[in-house]
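Some notes on the structure that comes next.
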Amino acid sequence: MPLDLAAMFGDDDQSTGDPPAAESLAGISTAEWASRTYGIQGFQPDRDASLGEHGRELRAAAQQGDHEAACHLGILLLCWDAEDRQAMAWLADAADARDAMAMALHAAAPYKRRELAAAFALDLALPTGAPNSEDLLAPAGTTSRSPAVYYEAAAHAGNPEAAYRLGRLKEAQGEYWDAARWFNLAAEAHHPEAIQRIEKMKP
């Protein structure tokens, strides 16, 4: 059974702080350890909360005719829901403007679109080596591609590398609870570095 995390942390401290102490868990799988220690079973990310300010910026820019923003928004929405009609509408607008990613997604077989969208979202999240804090590849009207937004969308669509990278980001921010959740998702897909991170987090 999952540990009583509310009792261990208090109701207001379930996303930051050191990993919780656990009973002796030697010999169990990494997925079982993460489930019992962090209560991962039933973990349901929230799309609107994940997209946050960046999603609102993208939507506003897309509504003003920014086809790159329309493509990025369509990719994110498609990662969260393969049947999202708004996603396909935004991608159609971007494809009409000859955006390469949007054209590829629009032409892809329906059963391949979400996987392809996840791969594109991961690419959009990766560092670009920009010389300053402003992301030079961000769509007009936005200040950043907000890597965590793209990592989470891609991870939700089943991309283990995105889940691992999001776990590393959360770990660096001291959000060990969330880090373990994302490492676990990647580990379940046999991502070797994620498995190692989970092993290191065991008491």
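Go through the range 179-203 and give me each residue that's closer than 13 Å to residue 155 by Cα and of a type outside the set (Gly, Ala, Ser).
181, 182, 183, 184, 185, 188, 191
Residues checked against (1) surrounded by 19 or more Cβ atoms within 10 Å (Cβ to Cβ); (2) over 30 Å from residue 87 (Cα atoms); (3) not aromatic (Phe, Trp, Tyr):
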{"residue": "160", "(1), (2), (3)": "yes, no, yes"}
{"residue": "168", "(1), (2), (3)": "no, no, yes"}
{"residue": "176", "(1), (2), (3)": "yes, yes, no"}
{"residue": "182", "(1), (2), (3)": "yes, no, no"}
{"residue": "192", "(1), (2), (3)": "no, yes, yes"}
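So which residues in the range 109-126 are buried (at least 23 other Cβ atoms within 10 Å of the Cβ) and either among the aromatic types (Phe, Trp, Tyr) or free of Cβ contacts under 8 Å to residues at least 12 places away in the same chain (or both), if there are any at all?
120
Exactly one condition in (1) touching a Gly at 6+ places or on another chain (Cβ under 9 Å); (2) in contact (Cβ under 8 Å) with a residue 60 or more places away in the chain is not met by residue 68; state its number.
Of everything listed in (1) touching a Gly at 6+ places or on another chain (Cβ under 9 Å); (2) in contact (Cβ under 8 Å) with a residue 60 or more places away in the chain, residue 68 misses just condition (1).
Can you pull out every residue in the range 63-93 that is crowded, with 24+ Cβ neighbours inside 10 Å and farther than 18 Å from residue 112 by Cβ?
69, 70, 72, 73, 90
What helices (runs of 4 or more DSSP H) lie completely within the range 144-203 and have 1 or more residues being of a type in the set (Lys, Arg) and within 20 Å of residue 51 (Cα to Cα)?
Where helices (runs of 4 or more DSSP H) fall fully within the range 144-203 and carry at least 1 residues being of a type in the set (Lys, Arg) and within 20 Å of residue 51 (Cα to Cα), they are 160-172, 176-188.
Can residue 145 be described as of a type in the set (Lys, Arg), at pLDDT below 85 and surrounded by 13 or more Cβ atoms within 10 Å (Cβ to Cβ)?
Considered against the rule, which asks whether it is of a type in the set (Lys, Arg), at pLDDT below 85 and surrounded by 13 or more Cβ atoms within 10 Å (Cβ to Cβ), residue 145 comes out as yes.
Restrict the check to the range 80-88 and report whether at least one residue is of a type in the set (A, V, I, L, M, F, W, C), over 22 Å from the mean Cα position of the chain (by Cα), at pLDDT below 95 and not in a helix (DSSP H, G or I).
no
The values are calculated or read from the model by the stated rules, or taken from the named source; none is laboratory data. It should be emphasised that the depicted structure is a prediction, and the values quoted were computed from it without experimental measurement. Glycine gets a Cβ as well: all are built from the backbone with ideal geometry, and neighbour counts include every protein chain shown.
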